[in-house]
Amino acid sequence: MNTTCRRHIDEQITTHFQKYKKILVLLGARQVGKTTLLKRLFPEAQYLLIDNQSVKNILERYDISAYRQLIHPGAKTVILDEIHLLSNPGRAAKIIFDQMPDIRLIITGSSALSIKNKTSESLAGRKIDYHLFPLTCAEYIYQTGTEAILAPHISDAILNPKKDTSLYPFDVTAIVETILRYGLYPDMVNSPADEKYLHNLAGSVVFQDLLELNLIENRSSAVSLLKLLAYQIGNLINYSEIAARLTMDVRTVRRYIDMFEQSFIIFRLYPFSTNKRDEIGKTPKIYFYDVGLRNALIENFSEISVRSDRGALFENFIIGEFLKLNTYFDLGYSLNYWRLKQGSEVDLVLQKENTCIAVEVKYSAGTITTAFKHRYPKATTHTITIDNFY
């Protein structure tokens, strides 16, 4: 095993078949490393790429006899990669799972596996979903060889703020400033500052599945919408206002945003509220899973020191990091923001059972608004900055 490519999710994936007999479903955007991870963890597996037309044609027959000819005799693990490209992915997986019980089945999908509704045969009760995201900051530092231990530093910093980045034998600030410019797609580890790669990702790759599956009717409108969202990271989203600016139907705007979210391009953060009349209760904010992709969309890779949006970038980065780690380590927190209608705000509110943690994210310095402290005196509050986040 090439330990330099380790990911936080490795243990969950490798122990899956020890705990369960169910199908392992690995979801994630294109180019986040799904294939690389599975080939590393399961080098003996038979790998079937649905992009291969001959493989696709056989699987589209939905016939166990054809499948037995396709799958090697003695194969113990089979990976169906990009299974969402089939007309009925659930049916294909169900046939193999039900009629070839000795096969350990892994299926992957980029965006569309979770949003495509033409699966007539349900896999309910037969599968467990896992999600792979762009690298975390800790994975990036580990894979570049800067640090010898892969640990979820940012979740530690948010839940138990006590670290000082000056204690590390490497320049954390310089590393995160690079990340804020170019993001955390795995290819950026070996090709840092590759703006051409990110432009290609933003211009075509992120739309590939949506276009191939006819899930967006107007590519130009979809691109314009995604670019507009890229300029509004961390802001409240007004669907009607966006529709008016882009001369799009508001229902189309909502549907495209749903697809972007289910394609793991963006995510929405909803407000924390206890139904007090002056608290924002429904309007979401939008963030990107990768800030490098976001910068490519707005065509700005300028140094952080000269950017007016560095605060928004850092906020997007920190909230995205905790979302990834909350998922990988099953921490169980709900993620929200808090805001009064007159403007007082907390960037991130974490809740689990009787625990409430309010986090203000500031690039340099800041404090939690007293309005939140007065309303929720039992909440733990602290600030995450460039100096204590890792």
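A few points about this structure:
- For the range 206-223, residues that are buried (at least 16 other Cβ atoms within 10 Å of the Cβ) and either over 20 Å from Thr252 (Cα atoms) or free of Cβ contacts under 8 Å to residues at least 40 places away in the same chain (or both) total 4.
- Restricting the search to helices (runs of 4 or more DSSP H) fully inside the range 36-99 and requiring at least 1 residues that are within 24 Å of the chain's Cα centre (by Cα) and not assigned by TED's automatic domain parsing to the domain that holds Leu210 gives 89-99.
- Cβ-Cβ contacts under 8 Å between residues 6 or more apart (or on different chains), taken from a first residue in the range 45-57 that is among the acidic types (Asp, Glu) to a second residue that is surrounded by 13 or more Cβ atoms within 10 Å (Cβ to Cβ) and in a helix (DSSP H, G or I), are listed as Asp51/Leu85.
- When residues in the range 330-385 are screened for being in contact with a Ser or Thr (Cβ under 9 Å, 6 or more places away or on another chain) and of a type in the set (D, E, K, R), 7 of them pass.
- Pick from the range 275-298, criterion over 18 Å from the mean Cα position of the chain (by Cα) and either in a helix (DSSP H, G or I) or in contact (Cβ under 8 Å) with a residue 60 or more places away in the chain (or both), ranking: surrounded by the fewest Cβ atoms within 10 Å (Cβ to Cβ): Lys276
- Residues in the range 343-390 that are surrounded by 15 or more Cβ atoms within 10 Å (Cβ to Cβ), β-branched (Val, Ile, Thr), free of Cβ contacts under 8 Å to residues at least 60 places away in the same chain and in a loop (DSSP other than H, G, I, E, B): 3 in all.
- Lys21 vs. criteria in a loop (DSSP other than H, G, I, E, B), closer than 21 Å to Leu123 by Cβ and not aromatic (Phe, Trp, Tyr): yes
- In the range 93-103, the residues that are farther than 15 Å from Ala124 by Cβ and either in contact with a Cys (Cβ under 7 Å, 6 or more places away or on another chain) or surrounded by fewer than 20 Cβ atoms within 10 Å (Cβ to Cβ) (or both): Ile95, Gln99, Met100, Pro101, Asp102, Ile103
- Within this structure, Thr146 passes the test of being at pLDDT below 80, of a type in the set (Val, Ile, Thr), assigned to a loop (DSSP other than H, G, I, E, B) and not assigned by TED's automatic domain parsing to the domain that holds Ile23.
Conditions (1) out of contact with any helix residue (DSSP H, G or I) (no Cβ under 9 Å at 6 or more places or on another chain); (2) more than 14 Å from Leu225 (Cβ to Cβ), marked per residue:
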site: Arg255; (1), (2): yes, no
site: Phe267; (1), (2): no, yes
site: Arg277; (1), (2): yes, yes
site: Arg307; (1), (2): no, yes
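The values are calculated or read from the model by the stated rules, or taken from the named source; none is laboratory data. All figures in this text were calculated on a predicted structure; none of them were measured in a lab. Using ideal geometry, Cβ is built from the backbone for each residue, glycine included, and neighbour counts are taken over all protein chains shown.
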